[in-house]
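The values are calculated or read from the model by the stated rules, or taken from the named source; none is laboratory data. What you see is a predicted model, and the numbers here were worked out from it, not measured in a lab. Because the Cβ atoms are built from the backbone with ideal geometry, glycine has one as well, and the counts that use them run over all protein chains shown.
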Amino acid sequence: MKTRILGFAALAAVAAMTAIALFVVPADLNQGDAQRIMYPHVASAWLGYLSFGVTAISGILWLWKRDLRFDAIAVSGAEIGVMFTAFAIWGGMMWGRPIWGVFWQWEDPRLTTTALLLALYVGYLLFRRLTDDPQRRATRAAIVGIVAAVDIPIVHFSVEWWRGLHQTATIASPDRVLNPAAPMIFVGTLLGMLGAFTLAWGYLMIRRYQLARAELAREEAVRIGRLEDARRGVARSEAAR
Amino acid sequence: MSALRAEARTALAIARKDAVAELRGRHATVSTLFFSAVVLLLFGFALGPDSARLAAAAPGLLWLAVVFAGLLAVTRLHLLETDDGALEQLALYPVSRRAIYAGKALGGMAVMLVLGLVVLGAVGVLFAVDVASAWLPLLTTIVLGAVGIAAVGTFYAGVTVRLRAREVMLPLLMLPVLAPLLLAAVKATAAALAGDPFGELGAWLQLLVAFDVIMVVAGAATYGYLLED
């Protein structure tokens, strides 16, 4: 019930912030309406990173505590992170076409980093499907998730050195907000969108976690069922004899 | 201190075992070398016959060939262990997991080093690049690249070797992780070949060193969990 309330709150918040970002906040002087993409774009990129951090930390906790609940959190983080990261890239491309003139800008370090990030965690998700035993899968996935997380900063720095032209962090330097008349409303909208998306993220994480637990329980039930079938089969063949 | 020395001895013993097996059977090197030669030829067809363009692309082609061939090499080196349940035997030895990882990575590094040098020579000949004049920075780059590919490759080969779909999973997991190494090695090679006009060679080599150190530490810290399951 509480989760459902959270879900509705997230839905309402995202809808309200979308309306504000589309109709209330003025368009950017230089970039026009395309700049409005920035609100969901930045929010989903941030949640992508957060999700992958959750996956790495739950991986470490699984290796330490050997509690499959941590593995359920890890898979939730990876799956939801992939979704938000893909959304961030898609939004970035939609923004890049009118502003940069191209969908894909190789010189942009964050775009290329994020694309690699997506590749790393899609690989992680595909990799998970190949091991049937839950304990073994959790261990293998945990170390793959940890090494992927370790790789992210190196990817970031290496690509950064390639020279970039990405918009640098907007919140850290308010003078970069291009419309001089209303910088605060831009920042406020961005923070509001961030909050709304984070609510949605929390709801999705809880639901995906519950689903992962249910999947584990089903796997366990199937295994026990097979054991019992086998036992019954043995009993039957003995009776026939 | 003596514990560390014992670990180093174990690692060397495992690496030597791999080296002997390799010298006798040549599972990894011959097929891998041939593969990289074919890759270089195909690059020539894909980008040629304009020789100026091929020479300009040479650093990238060199490292793509090395990385692709490295995928094969680390797989071969690990298949060696799975054939007769050898990896389980190895895991049962009362030695530290780090030493086993280091030994396997060392063996892989030796193969990658041979591979890198041969591919470098082939690139020099095929794409008319003067590799002899900048031999020291090129050699350094190849050594650092070999360490990085072996460190990452040993880890991921260990992760995927027992899977059904290892041929697909290994490149899928390993190539994105190797992206920074590829980037830094290509940049370092290009800088070395051009005589380092912007003084950036050192920075790229440092990035390679950082990548190697981080990946060796991460691999050594997690490889033990692989052997357990």
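Brief remarks follow.
- Taking region A:1-107 as the region of interest, the helices (runs of 4 or more DSSP H) fully inside it that hold 1 or more residues being under 26 Å from A:VAL150 (Cα atoms) are A:38-65, A:68-100.
- Residue that is assigned to a helix (DSSP H, G or I) and surrounded by fewer than 17 Cβ atoms within 10 Å (Cβ to Cβ), where the choices are B:ALA46, B:ALA73: B:ALA46
- B:GLY158 within 19 Å of A:TYR121 (Cα to Cα), more than 8 Å from chain A (Cβ to nearest Cβ), surrounded by 21 or more Cβ atoms within 10 Å (Cβ to Cβ) and not acidic (Asp, Glu): yes
- Residue that is in contact (Cβ under 8 Å) with a residue 24 or more places away in the chain, among the hydrophobic types (A, V, I, L, M, F, W, C) and farther than 20 Å from A:ILE152 by Cβ, where the choices are B:LEU208, B:LEU226: B:LEU226
- Looking across region B:205-229, the residues that are under 22 Å from B:LEU64 (Cβ atoms), among the hydrophobic types (A, V, I, L, M, F, W, C) and more than 9 Å from chain A (Cβ to nearest Cβ) come down to B:LEU205, B:LEU208, B:VAL209.
- Test: residue in region B:164-175 that is outside any loop (DSSP other than H, G, I, E, B), within 8 Å of chain A (Cβ to nearest Cβ), hydrophobic (A, V, I, L, M, F, W, C) and under 22 Å from B:PRO137 (Cβ atoms): no
- Every condition in (1) facing chain A (nearest Cβ under 9 Å); (2) touching a residue at least 40 places away in the same chain (Cβ under 8 Å); (3) touching an Asp or Glu at 6+ places or on another chain (Cβ under 8 Å) is met by B:ALA151 except one, and the failing one is (1).
- Close Cβ contacts (under 6 Å, 6 or more residues apart or on different chains) running from residues in region A:89-104 that are among the hydrophobic types (A, V, I, L, M, F, W, C) to residues that are in a helix (DSSP H, G or I) comprise A:ILE89/A:THR114; A:MET94/A:ILE37; A:TRP95/A:ALA34; A:TRP95/A:ILE37; A:ILE99/A:ALA34; A:PHE103/A:MET93; A:PHE103/A:GLY96; A:PHE103/A:ARG97.
- Flag: A:GLY96 matches the condition of being at pLDDT below 90 and not hydrophobic (A, V, I, L, M, F, W, C).
- Residues in region A:110-143 that are touching a residue at least 60 places away in the same chain (Cβ under 8 Å) and within 7 Å of chain B (Cβ to nearest Cβ) were compared, and the one that is surrounded by the most Cβ atoms within 10 Å (Cβ to Cβ) is A:ILE143.
Table: residues versus (1) assigned to a helix (DSSP H, G or I); (2) among the charged types (D, E, K, R).
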site: B:ARG162; (1), (2): no, yes
site: B:ALA179; (1), (2): yes, no
site: B:ALA188; (1), (2): yes, no
site: B:GLY195; (1), (2): no, no
site: B:PHE198; (1), (2): no, no
site: B:LEU205; (1), (2): yes, no
site: B:ASP212; (1), (2): yes, yes
site: B:MET215; (1), (2): yes, no
site: B:ALA218; (1), (2): yes, no
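- Consider region B:126-148 and keep the residues that are of a type in the set (Val, Ile, Thr) and more than 18 Å from the chain's Cα centre (by Cα). The one that is nearest to the other protein chains (Cβ to nearest Cβ) is B:VAL129.
- B:GLY202 being free of Cβ contacts under 8 Å to residues at least 60 places away in the same chain, surrounded by fewer than 22 Cβ atoms within 10 Å (Cβ to Cβ) and more than 8 Å from every other protein chain (Cβ to nearest Cβ): yes
- Region B:8-55, residues that are modelled with pLDDT of 85 or more and touching a Ser or Thr at 6+ places or on another chain (Cβ under 8 Å): B:THR10
- Matching residues, region A:141-169, being touching a Lys or Arg at 6+ places or on another chain (Cβ under 8 Å) and at pLDDT 90 or above: A:ALA141
- Number of residues in region B:8-24 that are of a type in the set (A, V, I, L, M) and closer than 16 Å to B:PRO94 by Cα: the value is 5.
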